[in-house]
Every structure is written in structure tokens, then in C-alpha cells.
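Report on the following structure.
The values are calculated or read from the model by the stated rules, or taken from the named source; none is laboratory data. None of the values given here were measured: they were computed from a predicted structure. Positions of Cβ are generated from backbone atoms using ideal geometry, with glycine treated the same way; all protein chains shown enter the neighbour counts.
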Amino acid sequence: MALPLMDYQIYGSQCLAARNRFGLHDEMGIGKTATTIGAIDLLNAERGVVICPAMLRENWIGEFRKFSDRPRRIVKAMNIHDYTAWKRGRFHIMVASYEMATKWAKDMERQGECIDFVAMDEAHYLKNSRANRTSALLGPDLDGWQGLISWAKHSWHITGTPMANDPLDIYTFLRMCFALDMSEEAFIKRYFFKHRTTYGSRQEPRPEMVPELKALIENNSLRRTKREVQPQLPPIFLTSTLVDGDTEQLVQFLREYPHLDAAIILALEQGGLSFLDAQHIATLRRLIGEAKAPGYAQMVVDELRQSYEKRVIYGLHRDAMTMIRDELMRNGIGAVLVNGDTSEAQRKYAVEAFQGDAACRVFLGQIRAAGVGITLTAACEIDIFESDWSPAGNAQAIMRVHRIGQARKVRARFITLARTLDEVVNRIVAAKTAAIAQIEGEAMHAAPLDVLNEYLVTS
């Protein structure tokens with residue numbers, strides 16, 4: 001028997017079912033997947049596609065079993081044979097990764113088959129209006145024509161972070177919903193101005209245009225927060241902990257790249273995240289992680305010896321995370337590690353072990369591999385060992401713990417290597433969060449780390 005939806009989820013399902021193009025922007029942890037499945041049931045939909053990150057495909061199939069008792073046949077698209085089987089009608093619903101859906105979009109368009117729905121989960125994957133995947137799914141003009149969604153009666157974008165790194169990210173979704181009939185350049189000119197900073201400039205919302213922009217977003221999407229739908233959820237407390245480490249390698253490396261710190265700050269300020277993927281920048285961040293890993297690992301060992309609480313640790317780099325895991329294990333502390341090489345089955349086992357086994361006290365996860373689609377409410381302590389460039393990435397990770405089922409106050413710490421780029425990154429990420437929250441309706445009037453704290457508590 002299917003689990004019942006909560007009242008706010010039923011309302012969300014009704015909103016999705018009533019609109020051909022619409023967005024579900026509910027905050028992480030209050031059940032967007034269940035709400036979407038409810039909408040599919042309301043429509044009596046038989047033929048459709050769910051598109052999500054590859055690691056979430058199994059989760060979607062499990063959620064269909066949990067929240068719907070309709071006798072649908074669902075296939076997890078692993079290869080062309082699964083797609084062909086769905087196309088020929090052997091399955092009602094296909095759950096595909098963004099990579100696979102992008103590859104098959106043209107073939108689906110040639111078939112000309114009208115389907116009931118396309119649900120795009122973690123839709124911030126489509127924020128780049130010029131990316132191949134965005135064009136394949138939404139069309140070259142982002143309005144659905146000549147894209148996969150043109151053959152769906154209902155197309156929904158589902159994300160808790162529609163403005164993952166920059167307020168401009170919302171443009172793609174407004175175009176998809178027919179809310180805008182203007183170029184991206186015209187959109188920027190109408191709603192934003194350039195804010196000058198020490199290191200350059202970035203786009204900021206025009207205060208006089210914020211009400212109009214908010215109205216556009218609210219008319220084409222639905223967003224609820226934990227505070228609105230689950231006021232009994234405990235608060236989040238954010239802190240920052242400085243740790244020392246051997247920075248000799250960092251100093252030597254930075255001598256080879258004069259002014260690299262300033263260039264990174266400029267890229268963060270202006271949203272130039274592609275620049276931050278450069279190999280030398282990745283090397284710098286890896287060195288920072290490895291420099292603080294030994295001291296941090298020992299600190300965690302000491303803390304866990306004095307407490308029975310479980311701990312979630314998020315980071316970016318495999319070597320540093322492995323160093324921490326190995327030190328914990330050497331000291332008799334049970335730990336599981338999920339990174340980009342972890343299979344779906346291993347990922348599921350790691351989560352179940354952490355949630356259900358008292359001997360497994362620490363969950364270590366790479367933010368990109370374990371920051372979405374899982375529940376880690378067995379812990380109320382989170383350490384962001386390495387911060388993502390994007391505030392949304394960090395928020396997503398924190399919400400794995402602060403979600404329905406959590407009964408305790410949640411504390412999240414940013415672990416910072418003293419007197420290094422770590423400190424600057426956290427300040428800039430917080431400032432970007434404030435700009436995003438301004439459009440979402442949250443007032444930000446605090447110091448940088450407090451800004452991020454306020455956003456996570458109230459949004």
C-alpha cells in the first residue's frame with residue numbers, strides 16, 4: 001500500500017498537474033520526489049520520462065514503489081537497450097540520467113511520440129543556457145521547441161536550488177515556462193546591474209525590479225520551506241572552526257602562480273566557475289585539503305571519543321577524505337566513504353549502514369557524489385571539511401541531515417585552514433547566498449558567515 005502524502009505535498013501535486021510547464025522549488029528535505037509522483041498519479045499518466053543525476057535513478061524507482069500503487073513498469077535506463085525497450089512500450093516510465101537523455105533526445109524527437117510528462121530532477125543541471133544538455137532537453141531557444149520536452153504534455157523542472165550559484169540562473173527556467181520572451185542579454189539588462197568589488201564586478205538584482213522578478217518566479221513555480229511546512233523541525237547552527245596545517249607546499253605552489261588568489265576571488269565574484277575548473281586551481285584546493293586533513297582527523301577522533309553522536313563529513317578531494325577515513329578506522333571508529341567511484345549499490349549500503357548500524361559512526365562523502373538524494377538523519381553534527389565553490393552545493397549537503405525525520409538541533413561547521421584561501425572562499429560563498437536569497441524573499445543583514453547561517457535556518 002502506498003504511503004500517504006502530506007497535505008502540502010498534495011497541494012504541490014495539484015499545482016504540477018494543473019500546469020503544462022511548471023517548477024517545483026521546494027527546499028531540500030521536504031519531499032519533492034513524493035510530490036512529483038503524486039502529480040503523475042493525479043494525471044493518470046502512463047507514459048513518461050524522469051531525468052535525474054545518474055546516482056539518483058535507483059532512488060526514484062524506490063520512491064515510485066513507496067508513494068504509488070499504480071501497476072506501472074519502470075525501467076532504469078542504463079544503455080540503449082533499456083531505452084529501446086521503453087520506446088517500444090515494454091515499460092511505462094523511463095528513469096534516465098541527464099547524459100543518457102541528452103544522447104537520446106534527437107531520436108525521441110524524430111519518433112514524434114507524445115508522452116504524458118517529463119520530470120527533470122535536480123534541474124539546476126540545466127542552468128547553463130548554452131550547454132548541450134540544456135539545448136537537447138529544452139530546445140536551442142530554451143522554450144521547449146525542438147527539444148525533448150516538446151513532446152510532453154507536462155514538463156516540470158524540480159530543484160531546491162533554481163539559482164544554484166547566481167541569480168541569473170533563473171533565466172533558463174523562466175524561458176522554459178513561457179514566462180519570458182527576451183534574450184538573456186535583455187534579461188540581464190532589465191533586472192540586474194553590475195556591482196563593483198575590489199576584484200572586479202558581479203551582477204546584482206536591481207532593487208526596483210526585484211518585486212517584478214519575484215512575481216515572475218512565483219507565477220511559474222512553487223517553493224515551500226521547512227519553516228512553512230514543518231515548523232517543528234529543529235534549527236541549524238553554523239559555526240566556523242580554524243585548523244592549522246603544514247602549509248609549506250602551498251607556499252611553494254603559490255610562488256609558481258603569482259596573483260592566483262586574486263584571480264580565484266575574481267572568478268568567484270563574477271561567477272566564472274569554468275575558470276575554477278583549471279588544473280592548477282584544482283591542485284591548490286587539493287593541497288589545502290591534504291594540509292588540513294591530518295590535524296582535522298585527529299581532532300575528530302578526540303571529539304568522538306568524548307561523544308556517542310554520529311558525524312557527517314563532506315569534502316571534495318578523494319585523497320584527503322581517504323586520509324581522514326583511514327585515521328578514523330585506525331582508531332577503532334567505524335566509517336563509510338562515498339565518492340565518485342562508489343556504485344549505486346555501494347552508496348545505498350553505506351547510507352543504510354550509517355543510518356542503522358550503531359558501530360558505523362561517521363559518514364564521509366564527496367559533495368558532488370553524496371550531497372543529494374540521500375537521508376543522513378542519524379547524525380546531527382556536520383563538518384564541511386572542504387567547501388564547494390557554490391553555496392547551493394554546501395546547502396544541499398547540509399540538508400541531507402536537516403530534513404524530515406530529524407528531531408535534534410543540527411550543527412554544521414566549516415573547517416577552515418587558517419590564513420589560506422579557505423577563509424576567503426567561505427566569505428564569498430556567503431555573499432552569493434545572500435544575493436540569491438534576496439530574490440527568494442529572505443532578508444540578509446549579517447556578517448558573511450552569519451549570512452549563510454541565516455539563509456539555511458530561514459529559507
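Just a few scattered comments:
- Test for GLY340: is it modelled with pLDDT of 95 or more, outside the structural domain of LYS76 (by TED's automatic domain parsing) and among the small types (Gly, Ala, Ser): no
- In segment 116-205, counting only helices (runs of 4 or more DSSP H) that sit wholly within it, the ones holding 2 or more residues that are among the basic types (Lys, Arg) and surrounded by fewer than 24 Cβ atoms within 10 Å (Cβ to Cβ) span 184-191.
- Options SER129, SER135, SER155: the member that is more than 28 Å from GLN14 (Cβ to Cβ), modelled with pLDDT of 90 or more and hydroxyl-bearing (Ser, Thr, Tyr): SER135
- In segment 215-263, of all residues being touching an Asp or Glu at 6+ places or on another chain (Cβ under 9 Å) and among the basic types (Lys, Arg), the one that is surrounded by the most Cβ atoms within 10 Å (Cβ to Cβ) corresponds to LYS226.
- Flag if GLU290 is farther than 27 Å from MET399 by Cβ and charged (D, E, K, R): yes
- For segment 1-100, the helices (runs of 4 or more DSSP H) that sit wholly inside it and include 2 or more residues that are over 29 Å from GLY371 (Cβ atoms) are 7-18, 80-87.
- Within segment 333-372, tally of residues that are out of contact with any helix residue (DSSP H, G or I) (no Cβ under 9 Å at 6 or more places or on another chain) and assigned to a helix (DSSP H, G or I): 7
- Residue in segment 93-115 that is modelled with the lowest pLDDT, counting only those that are surrounded by fewer than 19 Cβ atoms within 10 Å (Cβ to Cβ) and under 25 Å from ALA34 (Cα atoms): CYS114
- Which numbered condition MET120 fails, given (1) modelled with pLDDT of 95 or more; (2) over 22 Å from GLU184 (Cα atoms): (2)
- Within segment 77-114, the set of residues being hydroxyl-bearing (Ser, Thr, Tyr) and without any contact (Cβ under 8 Å) to a residue 40 or more places away in the chain comprises TYR83, THR84, THR102.
- Residue within segment 313-322 that is in a loop (DSSP other than H, G, I, E, B) and in the same structural domain as ARG427 (by TED's automatic domain parsing) present: yes
- Residues of segment 56-74 classified as modelled with pLDDT of 95 or more and within 17 Å of GLU344 (Cβ to Cβ), total: 1
- Selection from segment 101-115 of residues that are of a type in the set (D, E, K, R) and assigned to a helix (DSSP H, G or I): LYS103, LYS106, ASP107, GLU109, ARG110
- Condition broken by THR342, with the remaining ones in (1) under 28 Å from ILE61 (Cβ atoms); (2) of a type in the set (S, T, N, Q); (3) in contact with a strand residue (DSSP E or B) (Cβ under 7 Å, 6 or more places away or on another chain) satisfied: (3)
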